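**Q** The following block contains the structure, expressed as structure tokens.
The values are calculated or read from the model by the stated rules, or taken from the named source; none is laboratory data. In this text the structure is predicted, and so the values were computed from the model without any measurement. Cβ placement follows ideal geometry from the backbone for every residue including glycine, while neighbour counts extend to all protein chains displayed.
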Amino acid sequence: MSTTKTSANDNEAQSAGGFSAEERAAMKARAAELKADAKRGKAEDKAAVDKATMMAKIAETPEPDRGMAERLHEIVTAAAPELLPKLYYGQPGWAKAGKVVVFFRSGLTDKARYSTLGFSGDATLDDDGGMWPTSYALRDLSDASAAVITELVKKATS
């Protein structure tokens, strides 16, 4: 991945406790998603629109993250067919009863070192030890990691 310089304004905003340009863009995207959700009608129509919107967003994602997002969509929907595609802060997510449970953050889009597979507070990954991971770094998606993700998604939706 290439590194990019941040502007002086971004550095000032971050040092003053503000948000970076990427964080502001994600917040604006989430606000637009919530506004669009409020305007939608029937649940079936909403699900179809949400899926089309998410797939269009994945198609815009640069490789290799696009391939990871497409494969994650296949893995998540096979492991938990009840989860419906939905944008989450401008990137792919999968929701149960309208609440995102699993999400993907593109490292290329976020200008980060790696992409992330994450689970929201609505995921049931709780462990008896009182501590459990809620996100995982992804640089590539092997068959072994796909099997782990399948089990995590099943647990998150149980």
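**Q** Give the residue, chosen from Ser145, Ser135, that is among the hydroxyl-bearing types (Ser, Thr, Tyr), over 16 Å from the mean Cα position of the chain (by Cα) and surrounded by 11 or more Cβ atoms within 10 Å (Cβ to Cβ). Step through it out loud before you land on a result.
**A** Working: Ser135 fails: over 16 Å from the mean Cα position of the chain (by Cα).
Exactly one residue qualifies, and that residue is Ser145.
**Q** Let me ask something else about it. When both residues are 6+ apart or on different chains and their Cβ atoms are under 7 Å apart, which pairs have a first residue that lies in region 68-95 and is more than 15 Å from Thr150 (Cβ to Cβ), and a second that is of a type in the set (Asp, Glu) and crowded, with 20+ Cβ neighbours inside 10 Å?
**A** Listed by first residue and then by second, the contacts come to Leu84/Asp50; Pro85/Asp50; Lys86/Asp50.
**Q** Which residue, of Gly130, Gly118, is among the small types (Gly, Ala, Ser) and under 24 Å from Pro62 (Cα atoms)?
**A** Of Gly130, Gly118, the one residue that is among the small types (Gly, Ala, Ser) and under 24 Å from Pro62 (Cα atoms) is Gly118.
**Q** Now for a separate question. Tell me which of these Gly17 doesn't satisfy, since it passes every other one: (1) on the phi > 0 side of the Ramachandran plot; (2) at pLDDT 85 or above.
**A** Here Gly17 clears every test but (2).
**Q** Now for a different question. Give, as residue ranges, the strands (runs of 3 or more DSSP E) completely inside region 75-129 that count at least 1 residues that are in contact with a Phe, Trp or Tyr (Cβ under 9 Å, 6 or more places away or on another chain) and among the β-branched types (Val, Ile, Thr).
**A** 99-105, 115-119
**Q** Could you check how many residues of region 73-89 are surrounded by fewer than 20 Cβ atoms within 10 Å (Cβ to Cβ) and either within 19 Å of Arg24 (Cβ to Cβ) or not hydrophobic (A, V, I, L, M, F, W, C) (or both)?
**A** Qualifying residue count for the region: 6.
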